[in-house]
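Values quoted throughout were computed directly from the atomic coordinates according to the rules given, and no laboratory measurement underlies them. Worth saying up front: this structure is predicted, and the values here are computed from it rather than measured. Because the Cβ atoms are built from the backbone with ideal geometry, glycine has one as well, and the counts that use them run over all protein chains shown.
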Amino acid sequence: MKNITYFIRKKILLLGFLVFPFLGFAQHFTVSLANMTTTSHTFEVDVTLTIEGTTGVRLASCSTGINFNPAILNGGTPCTTINCGSWALVPGTIAPELTVNGGLNTITTTTRYPYGHLRIVQVTKASSQVDLLPGTYRIGTFRFTNTTPWASNSDADLWLSPTNSNPNPGSSNTIVGFAPYGSVSPILNATTTTSPHYVSVGYTQGDPLRGYVLNSSQLATVSNESVSEIVTAYPNPFQDVFKLNMNTVSSETTIVKVYDMLGKQIEHFDIAPNEINDFQIGQNYASGFYNLKVSQGDRSQSIRMIKR
């Protein structure tokens, strides 16, 4: 009898090990802020989702909350009603991978006044989810609008909510709803507080995304850089590699820096004029979004690329 009991327990344990990876309990995600850009009275920031590991997931939802310094908006009084205009999801900025197969549910945004908290909620969708391979995807770009130009040396001081009790009750947990790749059930929730499937937050209260560029004198330089088109990158999106096509006639070296969606520089190229047309970039990149910083002499240009 003892041997039979041991045999049954061994079989149950083995079954548990087989089911464990299928359910995706070891899945890990990172939600982060990236690519902050500004004008004289607005700034935009991306919310990105990185799926880590060697297997993909069927994404059902992604919710979080951006905390910010409320003093920078509208004289310290950001709008106090739901969806009132101080911030908004920029149309067309959701990663195309998240819109296939019916896409995810619509993102809703609300405020937790006066704490300076933009609540970004996406209700879990039990059907018509999207299958995603490991990589970084943009949940959306969010624009903050001030009624007047930014005061000199304003600091947006952005960070993400790990739980709904910090900085204030009623704010957003950072939660990713998902299922095993290709499956509609079970729907699992990964959070910043549960293990073994959990979410890391890219910017926290102790290490916020600083925004000291919120003043007109620095913004003028950024604006001038963005309109100087040195090259065209193609194809975009790209499947394997992309190339550069020169829009200028110059004997100067073209400097190309490539950044991932978390703002980390991953490559740097110094390309001679006679090499530019044959130069290929992106062969070893994972699927996701990348930002190119291209400069030639005193001109510079930013290009956002998508690898499928």
Quiz prompt | Ordering of 33-41, 271-279 by burial proxy (mean other Cβ atoms within 10 Å per residue, highest first) | solution = 33-41, 271-279
Quiz item: Just how far, in whole angstrom, is the stretch 283-297 from the stretch 130-161 if you go by their alpha carbon centroids?
Solution: 20 Å
Quiz item: Which order, highest average first, do 42-50, 144-152, 59-67 follow once you tally other Cβ atoms within 10 Å for each residue and take the mean per peptide?
Solution: 59-67, 42-50, 144-152
Quiz item: Which net charge results for the neighbourhood of residue 185, defined as the other residues with beta-carbon distances under 13 angstrom from its beta-carbon, given Lys and Arg at +1 and Asp and Glu at -1?
Solution: +2
Quiz prompt | Cα gyration tensor shape for the stretch 237-308, rounded if a/c is under 1.5, else prolate or oblate | solution = prolate
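Net charge around residue 43, counting only other residues with Cβ within less than 15 Å of its Cβ (Lys, Arg = +1; Asp, Glu = -1)? Write down the numbers at each step before the final one.
On the way: positive: 143, 210; negative: 44, 46, 155, 157.
Value of the local net charge: -2.
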Quiz item: Once the other residues with Cβ under 9 Å from the Cβ of residue 280 are scored (Lys, Arg +1; Asp, Glu -1), what is the net sum?
Solution: -1
Quiz prompt | Amide hydrogen neighbours beyond the local backbone of residue 188, cut-off 5 Å, H modeled | solution = 178, 179
